[in-house]
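Peer 1: Sharing a structure, written as structure tokens. Questions coming.
The values are calculated or read from the model by the stated rules, or taken from the named source; none is laboratory data. Everything numeric here is computed off the predicted structure, so don't read it as measured data. Every residue, glycine as well, gets a Cβ built from its backbone with ideal geometry; the counts of neighbours run over all protein chains shown.
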Amino acid sequence: MQFGIEVLEEFKMVLVPEVSSGPTRRNVWFRLTLPIAVLLLVAAGGGVFLKNLYRDMVYYTVIAIAQDLISLVVVAPTLVITGLLARRGSHRSAFVWLGVLIYLVYTYAIAAFDNQFNSLFLAYVALFGCSLYALIGGFLSLNKDAIKACFTKRTPVRAVSFYFALLGILFYFTWLREVIPALLAGAIPQSVKDNGTPTNAVHVLDMAWILPAFGIAAINLWRRRAVGYLLAGPLLSFVVLLASAVLSMIVSMHREGYALILPQVVMFIAVFAIGLGMLIWYLASFESPNIVQVFNT
């Protein structure tokens, strides 16, 4: 309840802005929200509404459009709302905003490198670049030590750490179970064949970036180090968005006649539900008597 009241108060601040004494570093990065949102509407809207945009394999096209739909109706509004609130100093919104940016870097790295060349190629590149630099700048604008000091004793440190560790182990096992046998047999993984791409970019980004990030966050949060508190909120937000996109893909694939894999469906429903619960619990445990202290200036 308290969290909801704070969000309404912060949104009111956006509608009735205060006079600022000058720009801060955080304002510079949060100002990228608008151009990123416009690019996202173009890229995702094009995927949903432009016929024959995608020149990829049928399987790949189905999941790409499903993800575009989530990007359009869930990710874009979340980006704009949290970006506006974060620019006004909302700590919780800044965590979610960073999570949205992780999702966008992840999604449009895949689109830029793996999609067959199409008329929105430059939009994918621009989204990837803008989101990447906003993500880096956004993290640099936050004071991790001040953030740690604002979390209360009821912060679910152990639960979130365990959740990240479990996700890392689960998905390393899932991807390596496909990749290693293919390497030993001198064959191509089935997911690569289905996508019609040189490699599976999800394997690359997960094993090189996202899953190690889960491990770093889990270890540091378990040990109550500042960087763990900083990473946990954005990574939980990313997990919720990505799981919702995967569930959209599963529904779209089923509608196109692909068989449902029940364990996969159950797994991603659980990932989404637990991740959302963890995110709400985590953000609710953040209490800052002086919001400005959380941001570097």
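Peer 1: Scan region 248-268 for residues that are part of a helix (DSSP H, G or I), in contact with a helix residue (DSSP H, G or I) (Cβ under 9 Å, 6 or more places away or on another chain) and farther than 18 Å from Val58 by Cα and jot them down.
Peer 2: Scanning region 248-268 gives Gln264, Val265, Met267, Phe268.
Peer 1: If you don't mind, there's one more thing I want to ask. Which residue pairs have Cβ atoms under 8 Å apart, sit 6 or more places apart or on different chains, and have a first residue in region 256-279 that is touching a residue at least 24 places away in the same chain (Cβ under 8 Å) and a second that is part of a loop (DSSP other than H, G, I, E, B)?
Peer 2: Met278/Pro156
Peer 1: So in region 43-83, with the set limited to residues that are without any contact (Cβ under 8 Å) to a residue 12 or more places away in the chain and polar (S, T, N, Q), which one is surrounded by the fewest Cβ atoms within 10 Å (Cβ to Cβ)?
Peer 2: In this case the residue turns out to be Asn52.
Peer 1: Right, another one. State all residues of region 138-162 that are buried (at least 16 other Cβ atoms within 10 Å of the Cβ) and either of a type in the set (A, V, I, L, M) or under 16 Å from the mean Cα position of the chain (by Cα) (or both); if no residue qualifies, say none.
Peer 2: Listed by number, the residues that qualify are Gly138, Phe139, Leu142, Ala146, Ile147, Val157, Val160.
Peer 1: Which one of these is at pLDDT 95 or above, buried (at least 20 other Cβ atoms within 10 Å of the Cβ) and over 21 Å from Ala94 (Cα atoms): Val204, Val266, Val271, Val239?
Peer 2: Val271
Peer 1: Only residues that are of a type in the set (Val, Ile, Thr), in contact (Cβ under 8 Å) with a residue 24 or more places away in the chain and closer than 17 Å to Ile210 by Cβ: list them for region 153-192, please.
Peer 2: Answer for region 153-192, where residues must be of a type in the set (Val, Ile, Thr), in contact (Cβ under 8 Å) with a residue 24 or more places away in the chain and closer than 17 Å to Ile210 by Cβ: Val160, Val179.
Peer 1: Among the listed residues Ala134, Ala86, which satisfies the condition of being more than 19 Å from Leu279 (Cβ to Cβ) and buried (at least 23 other Cβ atoms within 10 Å of the Cβ)?
Peer 2: On the way: Ala86 fails: more than 19 Å from Leu279 (Cβ to Cβ).
Matching residue, one of Ala134, Ala86: Ala134.
Peer 1: Among the residues of region 210-221, is there at least one that is over 25 Å from Ile70 (Cα atoms), at pLDDT 95 or above, surrounded by fewer than 15 Cβ atoms within 10 Å (Cβ to Cβ) and more than 22 Å from the chain's Cα centre (by Cα)?
Peer 2: So far as region 210-221 goes, no, none of its residues is over 25 Å from Ile70 (Cα atoms), at pLDDT 95 or above, surrounded by fewer than 15 Cβ atoms within 10 Å (Cβ to Cβ) and more than 22 Å from the chain's Cα centre (by Cα).
Peer 1: Next question, about the same structure. Scan region 58-84 for residues that are under 23 Å from Gly138 (Cα atoms) and more than 18 Å from the chain's Cα centre (by Cα) and report the count. Reasoning before the result, please.
Peer 2: Just the residues of region 58-84 that are under 23 Å from Gly138 (Cα atoms), to begin with: 71-72, 74-84.
Subset that is more than 18 Å from the chain's Cα centre (by Cα): none.
Residues that pass the stated criteria total 0.
Peer 1: Shifting gears a bit: Going by what's in this entry, would Phe95 be described as in contact (Cβ under 8 Å) with a residue 12 or more places away in the chain, in contact with a Pro (Cβ under 6 Å, 6 or more places away or on another chain), more than 22 Å from Tyr59 (Cβ to Cβ) and not charged (D, E, K, R)?
Peer 2: Yes: the conditions hold for Phe95.
Peer 1: Something else: Restricting attention to region 70-117, which residues are more than 14 Å from Ala37 (Cβ to Cβ), part of a helix (DSSP H, G or I) and among the small types (Gly, Ala, Ser)?
Peer 2: Matches in region 70-117: Ser93, Ala94, Gly99, Ala109, Ala111, Ala112.
Peer 1: Among what's in region 11-57 and is more than 20 Å from the chain's Cα centre (by Cα), of a type in the set (D, E, K, R) and farther than 24 Å from Ser71 by Cα, pick the residue that is modelled with the highest pLDDT.
Peer 2: Selected residue: Arg25.
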